[in-house]
Structures are given as structure tokens and as C-alpha cells.
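A short reminder: the numbers here are calculations on the coordinates, not readings from a lab. None of these values were measured; they are calculated from a predicted model. Every residue, glycine among them, receives a Cβ derived from its backbone with ideal geometry; neighbour counts consider all protein chains shown.
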Amino acid sequence: MNHPLELTVVMYHYVRDPGDAAEAGSGILGMSVRDFEAQLNELSQRHTFIAWPDLRAALQEDVTLPSSACLLTFDDGVSDHYVNVFKILHDRGLSGLFFVLDRRGSDGLILAHKIHFLLARLGLAGLHEAIWEKLNPAQRERFTQAEKRYQLKHPPISLDKQINLLKAVLQRDLSAEVDTLLGKLFEGHIGSENETARNYYLNPEQIREMAAGGMYFGGHSHSHPWFDWIDAEERAAEISASAEWLRQIEPGPWAFAYPYGGLAEDAPNLLKAYGFVAAFTTKAQLYHSDAYLIGRLDGEEIAHEGQGHA
Ligand SMILES: [Zn+2]
């Protein structure tokens, strides 16, 4: 890019109400449908919404974006995006960019989502205990060391921070071994993981309908790892899986969102090689000087800030 691009990108995950088809009794909360619509109303007063092809043209052909442009993005390919988001955007004549995981029927849930379900069912202390019981002495040692390291960096005061600490240990240090362990806990406490995953993620028919309705899709990897926690070969495999998946949905070049916002130095070149021309982080910024490091604001966070100022 010749000059920094000014663009407000908003990132969303769960958009759901208790008891609706997306929440489906999981106990996992998200942004309410009402708050989501209120935020769209507010954003529309200050911004001009754009779609992914507008940004792609700005990046590739140096087409100028409208002033105060805003792009709506949705991570993880959860069914909320079909059940709640698609209709709202479609009715308003808006488009969203949906970062979907390459998941097939028997792939089950990604680790982060297994943790969400189990936290909702067992609570923080319950999940911690259930995992601890199943670890061998060497794993317990690594678990404790990792906890100590994160505790020093970010002293956990609030419950949210304690939850983030457990997530960090499970999603990074122990990600390889706890994936199976959490799968077993899932089967024991909740039910069939594959069946849950089939309802939890967008299915190909829903994706087709959304694409026909003006929505766009981008990559978000296959297994949602921290990119700085895996090696270059694994990063290439994750990105290539995304490209394969997207090829069935819409022609490229595509956009990508880094899982957890995790970065690796070689990721932009790998993304370029597999047909991606932009990548999004989770860093809150409005000016972007690198097409592979486009920052985003968290919709739920700005909603809470809005309430705080009111
Ligand atoms: Zn994600």
C-alpha cells in the first residue's frame, strides 16, 4: 500500500439470544440480537458500509474507499451467522465478510469451542478440576509452569481474566494433548461432539444461501491454532486447507483472519502463495499500512463502551 488505508473493520463472533437456534441450550452467551441491530444503527449514522469486493478493489486496483468506510466481519463460521446475522444484513441491503473454518462433518469442534461448551457446563473450577484429574504427572508439571508464567505476565484478578488464563494454557501450551481429553469430557458431560459440531458450524447449504444473498467468505484455518505456536509446515497446511474450502464457495482472491489474532512472520507470504490478498488481526486500529495486518474493533467491546458513555 502506498499510503495507510483508513477503514473501520468491526469483528463479531456469537450473535444470539438465550434459547434461540444458535444458542440451543448451550449456555454460551454472545452479543444479543438487539444489541447487534442497535450497533448497526449507530454505525450507519457515522459510516458508509462496504463489502469485501470494495476493499479488494482498494487493495488491488488502488480504488478509493468512501470516507468513513466500515466493513463488518464475522469469525469462526458459527451458525449464529446464518440464524441471526444473515437476515438482518440482507434486510438492510448490507454485506458481511464471514471467516469460516474448514470443517467437515466428522471433524468435530475446534479446541476453543470445546472449551466454551465445557466452561458453560462445568464452570471454571469444575473444568479446571476435570482436566487436572486426567493429566499425568509430566503434563501437570507443564500445566502448573504455564499457569505461573501467564500469571506473572497478567495477574488474574477478575473471573474473566482467570478464564482467559485457563484458555491460554489449554490453547497454547497443552493444545496437542488436551484436544482429545476435552473431546472425552465433552462426550461425558454434553453429548456427541460431531452432532453438536454439525449444528454449531455453518453447513454448505447455509453458506451457499448466504453467498447467493450477497455475503462473502474468507479463510480462518482448519483447526484454529495460534500461528505463533505451530511450525511453518503446519501454518502452510492450515492456510492451504482454507483455500481448498473457499474454492468451493466463491472465486478468490480471498481474505483471511488469523485465529485468535495470532501472528507469524511468514504468514503473509504463505497467504499470498495460496491466493489470499488481505488478512485481518484482532488489534484495534483504524489506519492500516499492511494488507496482511488489517486491524479490527471488537463489536461487543465497543457496544459496552457505548453503554458506559451513555
Ligand atoms: Zn476464531
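Based on DSSP H segments of at least four residues, each scored -39500 (n - 2.57), the chain has a per-residue ellipticity at 222 nm of -14500 deg cm²/dmol. Modelled spin-label separation between residue 199 and residue 304, with each label point placed 7 Å from Cα along the Cα-to-Cβ direction: 2.8 nm. Taking the Cα atoms of region 203-310, the ratio Rg/Rh between the radius of gyration and the Kirkwood radius comes to 1.02. Here each label is just a point 7 Å from Cα along the line to Cβ, and for residue 67 and residue 232 those points are 4.5 nm apart.
Of all DSSP bridge pairs formed entirely within the chain, close to 10 percent run antiparallel.
Among 59-67, 170-178, 249-257, 219-227, sorting by the average number of other beta carbon atoms lying within 10 angstrom of each residue, highest first, gives 219-227, 249-257, 170-178, 59-67. Calculated FRET efficiency, residue 144 and residue 180, Cβ-Cβ r, R0 25 Å, to nearest 0.05? After rounding, the FRET efficiency stands at 0.75.
Put simply, when 26-34, 151-159, 111-119, 68-76 are sorted by average Cβ atoms within 10 angstrom per residue, most first, you get 68-76, 111-119, 26-34, 151-159. Evaluate E = 1/(1 + (r/R0)^6) for residue 87 and residue 211, where r is the Cβ-Cβ distance and R0 equals 22 Å; express this FRET efficiency to the nearest 0.05. Here the calculated transfer efficiency is 0.90. Between residue 163 and residue 285, full extension at 0.36 nm per residue minus the direct alpha carbon distance yields a gain of 41.4 nm. Here the scattering of region 1-117 is modelled by Debye summation over its C-alpha atoms, one equal scatterer each and no solvent; at q = 0.10, 0.11, 0.16 Å⁻¹ the log10 of I(q)/I(0) is -0.36, -0.44, -0.83. Applying 1/(1 + (r/R0)^6) with R0 = 25 Å to the Cβ-Cβ distance of residue 29 and residue 153 gives a FRET efficiency near 0.40. Out of every Cα-Cα pair that region 109-224 contains, those further apart than 18 angstrom amount to 57 percent. With the cut-off at 28 Å, tell me which of the pairs 161/272; 87/184; 87/161; 161/283; 161/184 have Cα atoms farther apart than that. Too far apart for the 28 Å limit: 161/272; 87/184; 87/161. Gyration tensor analysis over the Cα atoms of the chain returns equivalent ellipsoid semi-axes of 31, 22, 20 Å (largest first, whole Å). Once Rh for region 213-270 is found with the Kirkwood sum over Cα pairs, what is the Stokes-Einstein diffusion coefficient at 37 °C and 0.692 mPa s, in µm²/s? D, rounded to a whole number, is 280 µm²/s. Using C-alpha pairs under 8 Å with a sequence gap of at least 6, the mean separation divided by the residue count of the chain gives a relative contact order of 23 percent. A simple packing score, the average count of other Cβ atoms within 10 Å per residue, orders the peptides 190-198, 50-58 as 50-58, 190-198, with the highest score first.
Normalised by the number of residues in region 1-147, what is the relative contact order in percent for Cα pairs under 8 Å and 6+ residues apart? Here the relative contact order equals 26 percent.
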